[in-house]
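J.: I'd like to ask some things about the structure below.
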Amino acid sequence: MAAVLSVHDLSKAYCTDIGRSLRYGLADIASDYNPSRRKDVSLRPGEFWALSDISFDVAAGEAVGLLGANGSGKSTLLRVVHGLTRSEEH
């Protein structure tokens, strides 16, 4: 069966410092409009990987459950898959 949802190598980083997070966000927005800017996807100071290289396929008729401890990335995964949060190329 063909996949109705396909996720490959999904990663998402967050920053623990609000000031840095705002600066990084502005820099990331600028890089979207200027291809010569930031291509390096390594972690910057204060960042951590909330999701790292997640891959899965869901076929029509399949059901998927997400289990994990608090802070393990379940909600982050759903936000990225739904398009509410951007992911990074890792």
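The values are calculated or read from the model by the stated rules, or taken from the named source; none is laboratory data. Keep in mind the model is a prediction, meaning the values are calculated, not measured. A quick note on method: Cβ atoms are made from the backbone with ideal geometry, for glycine too, and the neighbour counts reach across all protein chains shown. SASA here: full protein model, heavy atoms, side chains in, ligands and nucleic acids out. Shrake-Rupley method; radii C 1.70, N 1.55, O 1.52, S 1.80 Å.
J.: Quick one: which of Ser31, Ser6, Ser21, Ser72 is closer than 18 Å to Ser87 by Cα and touching a Lys or Arg at 6+ places or on another chain (Cβ under 7 Å)?
T.: Ser31
J.: Are any residues in segment 1-44 of a type in the set (Asp, Glu) and either surrounded by 13 or more Cβ atoms within 10 Å (Cβ to Cβ) or touching a residue at least 12 places away in the same chain (Cβ under 8 Å) (or both), and if so, which ones?
T.: Asp9, Asp17, Asp28
J.: Would you pick out the residues in segment 49-77 that are modelled with pLDDT of 95 or more, more than 30 Å from Ala2 (Cβ to Cβ) and open to solvent by 80 Å² or more (accessible area, probe 1.4 Å)?
T.: Scanning segment 49-77 gives a single hit, Asn70.
J.: Run down Ala2, Ala63, Ala30 and say which single residue is touching a strand residue (DSSP E or B) at 6+ places or on another chain (Cβ under 8 Å) and among the small types (Gly, Ala, Ser).
T.: Ala2
J.: Kindly list the number of the only condition in (1) open to solvent by less than 80 Å² (accessible area, probe 1.4 Å); (2) without any contact (Cβ under 8 Å) to a residue 12 or more places away in the chain; (3) hydrophobic (A, V, I, L, M, F, W, C) that fails for Val80.
T.: (2)
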